[in-house]
Amino acid sequence: MLTRIISGAVGVVLLGVILFFHDTIVLPLAVAAIIAVMLFELLRAVKLHKCIPIFLAAEVAGVSVPSIYYMSHVGSVICDITEAGIQGDPEFYSAKVAEINHIFQFVLVLLAAFIIFVTWLKKHKEIRYEQVFFVLAVMILVPQAMTTMLRIENFDSESGLFLLIMGLCGAWIADTGAYFTGVAMGKHKLCPEISPKKTIEGLVGGIVTTAVVYAAAFSIYYGFTAKRAAIAFVTGAVCAVIGTVGDLSASMVKRQIGFKDYGKIMPGHGGLMDRFDSVLFVLPTFYAFIALFGVQ
């Protein structure tokens, strides 16, 4: 228990430092590092972490997503604060920078997929199709989902940090609410074969807790209106449900491959995948809600 507490405290401090420097290159570098570790843990889970071509292809494709997004955003900002651009049009130049970066990212992912398939053809007696398509899936899902941290932070120049914290907490608040509700009232198992400790009562408690915290936090930060509180309440509830799906999905993978934890980078907590499994699903969901319904 002491190891778990110390490890968790260190993790909170590191996250605090990253969030403190959220408007610098520290955040994209941290996101890239998290993606790299998560991909390593997932490739190790399907026993492909020692296959160098596949490992490098997946890692390069994954790390490139936050890197290219950051470069694209920086290019847009430079265009916005300078008067010069192609034909004196900063917006045109900014759009071209973004387009070139998107094409470059697409080419990198396509090249990575090509390398993975060629390696599979060469080692078809050792590598099964389930492993290959698992790698292709996580190579796209993990980087895109985690890079949503940058998209959320850049969504609003004045409240980017608040939104980023709420996006991350969408999963962790639900876990906390579900845990205490489950301990106090849990009687009916949710998915006993996948996660024996989760209960239906805990799920409901997590949903209600997240919804209420979201409604209160957004009302306090932006000012109360019935519409804002209602949108925040629904956003929190949906994020809690989606986060549970993500958590159970990651647990199911571990069950089927016979893993207890994805890694040991956080003693007592497992790997980064064990900490961010629900976040993978919550961040894109949260971003979709604020992009569609706004925060003002």
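No value in this document is a laboratory result; all are computed from the given coordinates. Computed from a predicted structure; not experimentally measured. No Cβ is skipped: glycine too gets one built from the backbone with ideal geometry, and neighbour counts run over all protein chains shown.
If I go through segment 209-227 residue by residue, how many of them are closer than 19 Å to Leu283 by Cα and not polar (S, T, N, Q)? Working first, answer last.
Residues of segment 209-227 closer than 19 Å to Leu283 by Cα: 209-215, 217-218.
Narrowing further to those that are not polar (S, T, N, Q): 211-215, 217-218.
So the count comes out to 7.
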So the check is Cβ under 9 Å with 6+ separation or different chains; which pairs have a first residue in segment 183-207 that's in contact (Cβ under 8 Å) with a residue 24 or more places away in the chain and basic (Lys, Arg) and a second one that's in a helix (DSSP H, G or I) and surrounded by 13 or more Cβ atoms within 10 Å (Cβ to Cβ)? Lys198/Ala178; Lys198/Gly182; Lys198/Thr244; Lys198/Asp247; Lys198/Leu248; Lys198/Ser251
Subset of segment 47-60 [crowded, with 18+ Cβ neighbours inside 10 Å and part of a loop (DSSP other than H, G, I, E, B)]: Leu48, Cys51
For segment 11-46, which positions are within 15 Å of Ala137 (Cα to Cα) and part of a loop (DSSP other than H, G, I, E, B)? Val46
